[in-house]
Amino acid sequence: MESMSTTHDRSAVLAALTARLGAERVTSDVADLLVYASDGSTLHDATPAGVVFPESTAEVVDIVTTCAAHGVPFVARGSGTGLSGGAMALDGGIVVALNRLRRILDVDVPNRCARVQPGVANLAISRAVEHHGLHYAPDPSSQAVCSIGGNVAHNSGGPHTLKNGVTVNHVLGLQIVLSDGTLVDVGGPERPGYDLAALITGSEGTFGIVTEVTVKLSPLPEGVRTAIAAFATIDDASHAVTSVIAGGLMPAALEMLDRVVVAALEAAFGLTFPPGAAALLLLECDGPEDGLDDEISRAVDICREHGALEVRLARDDNERAALWTARKKAFGALGRIARNYCTQDGVIPRTKLPEMLRRVGEIADRHRLRVANVFHAGDGNLHPCILFDDRDADERARVVSAGREILDVCLELGGSLSGEHGIGIEKREAMARMFAEDDLAVMRALREALDPLGLCNPHKVLPGGSRCVELGPGGKQVHA
Amino acid sequence: MTAGTTLRPADVDELAAIVRDADAARRTVHVVGNETHSGPAGAPPARADVVVSTSALTGVIAHEPGDLTITVRAGTRLRDLEAHLARHAQWLPAPTLGHGEASVGGWLAIGTDSLATRSAGRARDWVIGATAVHGDGRVARGRGRVVKNVAGYDLPRLMVGSLGTLGALADVTFRLAPRAETSTTLQAHGERDDVHAAARALLAMPWAPTFVDVLAQGTVTSCVVGFDGWPARTEPLTRRAADLLATHDLNATLLDDASELRACLDAPDRRLLGAAPARLALQVLGPPATLVARLVDLEHVAREHGADIAWALRGGTSNATAVIASTGRACLDAALSEARRAGAATVIASPERLSADAVWGRPSADFALMQRVKAALDPRGTFLPGRFVGGL
């Protein structure tokens with residue numbers, strides 16, 4: 001069911017909330033709304049009817065109840081770093097900005113968990129518990145700013161998810177406000193029944209607004225070893241990845257950068273790599289000190305067996321940070337060689353990496369575009385970045401076509417539309433290419449069961465519906 | 001279709017047709033695997049008009065060793081799956097349910113976690129895709145065959161631990177891990193307080209033992225620590241663990257053959273008090289640090305009724321198993337009541353048939369949401385109404 005609210009309904013909601021929360025916490029000012037019209041993807045925008053800033057769970061309940069009474073849709077928003085248009089309010093809905101709900105409510109060291117509000121930044125949790133030797137393991141690249149609520153919505157990953165898992169593996173319980181205003185605690189491994197916390201994690205706000213998250217805390221690894229290997233071909237690097245994984249090693253991270261990125265890094269930051277390097281592979285192993293040197297040296301040996309031109313092993317934390325510079329500055333470096341870039345997020349079976357990268361190159365050539373590849377090689381999660389100039393309408397159109405074709409190849413090779421950025425608005429029509437109608441019908445039935453009013457982040461995740469959204473690549477992206 | 005016969009579909013289409021016909025005729029369907037019933041047994045179904053066995057739905061559909069993923073049919077025996085994976089030096093943390101006779105679908109319906117839960121995660125963490133037949137006979141595939149995937153709702157994970165009440169699994173895709181080159185197991189007996197303190201200290205170390213379990217049988221309590229990996233890691237870590245145990249006045253023994261002990265810890269509901277003919281096996285659930293006190297309270301109750309009790313605590317997880325040898329209803333009621341005084345507990349095995357409420361305890365606060373999920377995926381209650389939490 002989709003909402004058919006009117007301008008009158010939306011005004012009534014905003015007036016009621018302004019009366020209760022105060023004018024400073026409800027805005028419908030055009031300049032304010034522009035800030036909330038898009039997320040990190042900037043691929044599309046939709047101006048909300050208003051933005052509301054709750055400061056307590058009770059206020060979220062009040063906002064949702066008020067929206068429900070007037071049939072006005074709403075969408076929760078954390079830090080706005082999403083990359084699939086998931087936090088956009090379509091149909092003139094209300095954005096519920098959760099960034100003032102940023103308290104860590106409870107840290108329970110003996111039980112290794114913490115209860116936090118959704119607006120808490122991912123990294124803030126780890127910072128708050130590091131003196132106990134603990135951390136919150138999932139680490140999206142935007143972790144300094146992205147909110148835990150947003151992480152739950154998207155089931156976010158990050159470079160270390162190869163070993164540590166994604167958000168759903170670290171969520172022990174949730175508190176959620178359903179579209180009728182009901183506040184429910186859902187668990188969790190400590191009670192029998194359906195695993196609703198896992199179902200809600202990754203549902204992109206389509207079941208309600210999460211107001212508390214109980215996360216698992218993990219011990220900080222005793223030691224870390226990092227190496228970077230340069231290869232003459234991307235195929236060599238891909239085969240090394242497969243051998244490392246199949247060889248019984250479980251690196252914490254296996255990140256790959258291709259020739260375009262290598263060149264950009266050299267040009268932008270003066271980083272130097274061996275002549276002829278077409279691919280860089282960053283390997284990181286962590287865990288107990290015992291056996292750690294052995295583990296990284298096994299991985300390094302495998303890289304050499306696969307023809308690595310050079311392998312650099314960090315000797316201390318400073319050198320480790322220097323090696324990560326290449327990975328972390330990759331997107332910044334691209335900014336120097338292109339006015340804009342559009343990051344794709346697709347997944348393929350790991351063994352298909354060489355074929356996939358060849359196909360991405362062919363697609364780029366056919367559309368006269370340059371593509372840079374920076375990706376989580378260990379789990380087959382690709383992030384091809386299509387470089388372009390947004391002032392060139394023809395080029396923009398070619399970017400959209402190429403992006404679609406890249407996703408189609410992911411699906412053809414047995415992969416997925418998204419490894420970590422989510423479906424949002426960007427890929428919802430593509431869902432019909434990944435799933436059969438019956439698959440989607442079951443998902444739709446679940447959604448209608450959990451949000452019978454159809455008010456929670458409508459038009460996201462699942463294809464169809466009344467609204468057609470015009471897609472097109474826009475400005476510069478940040479990477480997750 | 002006649003009540004009393006067991007149907008054995010050979011593929012997902014036949015399975016779907018059976019469910020569709022039953023649903024249309026308002027008959028209920030009970031899907032069984034190899035009926036090893038390890039893990040929370042659930043109350044018996046109120047009525048099962050049609051019994052469907054997955055015993056003909058077996059075998060590997062796809063296995064790409066380099067991708068560390070495998071897709072198998074739901075009726076595949078765990079023993080066969082393990083043997084197949086062993087040939088490729090790969091592994092899946094599946095428990096040794098029913099000595100490997102349990103089916104993949106039966107295992108996941110119950111959702112039993114393995115001994116390696118602390119280090120390797122729960123059973124559901126390894127499920128990356130599934131095809132299931134839901135209440136109206138609709139066949140739905142969720143997620144896929146890649147290890148990282150956020151496309152659409154996670155239907156496969158929802159199916160794990162749902163006791164077959166949301167549909168019948170037809171096939172499942174798992175991610176896999178390379179098989180460990182070596183395994184070591186230490187056991188240290190001692191005074192109970194020393195054992196608990198040592199286990200807590202081990203769990204606080206960033207060493208990643210595969211498991212740190214506490215085993216209590218009669219007056220004997222021991223801490224069992226396992227490491228899996230390769231020699232350069234497991235050997236020094238085993239030494240460090242033994243040293244740490246020694247600081248708690250515990251003398252650790254490195255076991256030459258730990259397969260029996262590991263099997264016991266993997267399926268304590270079946271192995272503890274092995275000779276006891278009538279047994280109440282409980283899964284005690286709750287925050288990890290609260291479990292010991294609850295188990296000790298449970299011991300007092302059992303002893304007040306003159307019943308033997310043994311338990312195994314899977315350190316660092318939310319899960320412990322207690323087995324009480326008793327035939328008396330009074331003891332059973334008192335034990336259940338005690339087990340649920342400060343948290344949840346489910347009945348895995350019982351000397352007598354119990355209602356769903358007795359097996360699962362009272363539903364939690366999110367029960368209304370569970371009912372909505374059930375209604376969405378099984379609108380007419382075709383799959384086993386009355387058997388799961390709150391009669392789901």
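The values are calculated or read from the model by the stated rules, or taken from the named source; none is laboratory data. Just so it is clear, the model here is predicted, and its values are computed rather than measured. Quick reminder, even Gly has a Cβ in these numbers, built from the backbone with ideal geometry, and neighbours come from all protein chains shown. Accessible surface is based on the protein model in full, side chains and every heavy atom, while ligands, DNA and RNA are left aside. Shrake-Rupley method; radii C 1.70, N 1.55, O 1.52, S 1.80 Å.
Being touching a Gly at 6+ places or on another chain (Cβ under 7 Å), more than 10 Å from chain B (Cβ to nearest Cβ) and not in a helix (DSSP H, G or I): is that true of residue A:425 here? I'd like the intermediate steps shown before the answer.
On the way: touching a Gly at 6+ places or on another chain (Cβ under 7 Å): yes; more than 10 Å from chain B (Cβ to nearest Cβ): yes; not in a helix (DSSP H, G or I): yes.
Criteria met by residue A:425.
Of the conditions (1) assigned by TED's automatic domain parsing to the domain that holds residue A:152; (2) over 30 Å from residue B:283 (Cα atoms); (3) among the β-branched types (Val, Ile, Thr); (4) open to solvent by 20 Å² or more (accessible area, probe 1.4 Å), residue A:234 clears all except one; give me its number.
Going through the list (1) assigned by TED's automatic domain parsing to the domain that holds residue A:152; (2) over 30 Å from residue B:283 (Cα atoms); (3) among the β-branched types (Val, Ile, Thr); (4) open to solvent by 20 Å² or more (accessible area, probe 1.4 Å), residue A:234 breaks only (1).
From the list B:327, B:382, B:346, exactly one residue is away from every other protein chain (no Cβ under 14 Å) and under 25 Å from residue A:199 (Cβ atoms). Which is it? Reasoning before the result, please.
Numbers: B:327 fails: under 25 Å from residue A:199 (Cβ atoms); B:346 fails: away from every other protein chain (no Cβ under 14 Å).
Unique residue meeting the criteria: B:382.
Select from segment B:160-199 the residues that are within 9 Å of chain A (Cβ to nearest Cβ), in a strand (DSSP E or B) and aliphatic (A, V, I, L, M) and list them in ascending order.
B:177
Regarding segment A:166-180, can at least one residue be identified that is within 23 Å of residue A:86 (Cα to Cα), open to solvent by 30 Å² or more (accessible area, probe 1.4 Å) and not in a helix (DSSP H, G or I)?
Yes, some residue in segment A:166-180 is within 23 Å of residue A:86 (Cα to Cα), open to solvent by 30 Å² or more (accessible area, probe 1.4 Å) and not in a helix (DSSP H, G or I).
Look through A:59, A:55 and report the one residue that is open to solvent by 10 Å² or more (accessible area, probe 1.4 Å) and either assigned to a helix (DSSP H, G or I) or aromatic (Phe, Trp, Tyr) (or both).
None of the others qualify; the one that does is A:59.
Give segment A:100-153 a look and list any residue that's among the hydrophobic types (A, V, I, L, M, F, W, C), open to solvent by 10 Å² or more (accessible area, probe 1.4 Å) and in a strand (DSSP E or B), or say none.
Scanning segment A:100-153 gives A:104, A:105, A:107, A:113, A:121.
Yes/no per residue for (1) at the interface with chain A (Cβ under 7 Å from one of its Cβ atoms); (2) within 20 Å of the chain's Cα centre (by Cα):
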site: B:66; (1), (2): yes, no
site: B:127; (1), (2): no, yes
site: B:141; (1), (2): yes, no
site: B:146; (1), (2): yes, no
site: B:158; (1), (2): yes, yes
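Out of segment A:237-283, which residues are under 30 Å from residue B:183 (Cβ atoms) and either open to solvent by 10 Å² or more (accessible area, probe 1.4 Å) or free of Cβ contacts under 8 Å to residues at least 24 places away in the same chain (or both)?
A:239, A:242, A:243, A:246, A:247, A:248, A:250
Before we move on, is residue A:156 more than 9 Å from every other protein chain (Cβ to nearest Cβ), buried (at least 24 other Cβ atoms within 10 Å of the Cβ) and among the polar types (S, T, N, Q)? Break it down into steps so the answer makes sense when it comes.
Values: more than 9 Å from every other protein chain (Cβ to nearest Cβ): no; buried (at least 24 other Cβ atoms within 10 Å of the Cβ): yes; among the polar types (S, T, N, Q): yes.
The answer is no for residue A:156.
Residues are listed down the side, and each one gets a yes or a no for (1) touching a Ser or Thr at 6+ places or on another chain (Cβ under 8 Å); (2) touching a residue at least 40 places away in the same chain (Cβ under 8 Å); (3) not assigned by TED's automatic domain parsing to the domain that holds residue B:110; (4) not acidic (Asp, Glu):
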| residue | (1), (2), (3), (4) |
| --- | --- |
| B:327 | no, yes, yes, yes |
| B:335 | yes, yes, yes, yes |
| B:348 | yes, yes, yes, yes |
| B:351 | yes, yes, yes, yes |
| B:364 | no, no, yes, yes |
| B:369 | no, no, yes, yes |
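Any residue in segment B:291-313 that's closer than 18 Å to residue B:267 by Cα: show its pairings with residues that are open to solvent by 20 Å² or more (accessible area, probe 1.4 Å) and β-branched (Val, Ile, Thr) at Cβ separation under 9 Å, as long as the two are six or more apart or on different chains.
Listed pairs, sorted by first residue: B:313/B:292.
Could you list all residues from segment A:209-226 that are open to solvent by 10 Å² or more (accessible area, probe 1.4 Å) and part of a loop (DSSP other than H, G, I, E, B)?
A:220, A:221, A:222 - these are the residues of segment A:209-226 that are open to solvent by 10 Å² or more (accessible area, probe 1.4 Å) and part of a loop (DSSP other than H, G, I, E, B).
Considering only segment A:62-76, state which residues are buried (at least 24 other Cβ atoms within 10 Å of the Cβ) and aliphatic (A, V, I, L, M).
Once the filter is applied, which keeps residues that are buried (at least 24 other Cβ atoms within 10 Å of the Cβ) and aliphatic (A, V, I, L, M), segment A:62-76 yields A:63, A:64, A:72, A:75, A:76.
Mind counting the residues in segment B:214-232 that are open to solvent by less than 30 Å² (accessible area, probe 1.4 Å) and either touching a Gly at 6+ places or on another chain (Cβ under 6 Å) or among the aliphatic types (A, V, I, L, M) (or both)?
Summing the residues that are open to solvent by less than 30 Å² (accessible area, probe 1.4 Å) and either touching a Gly at 6+ places or on another chain (Cβ under 6 Å) or among the aliphatic types (A, V, I, L, M) (or both) in segment B:214-232 gives 5.
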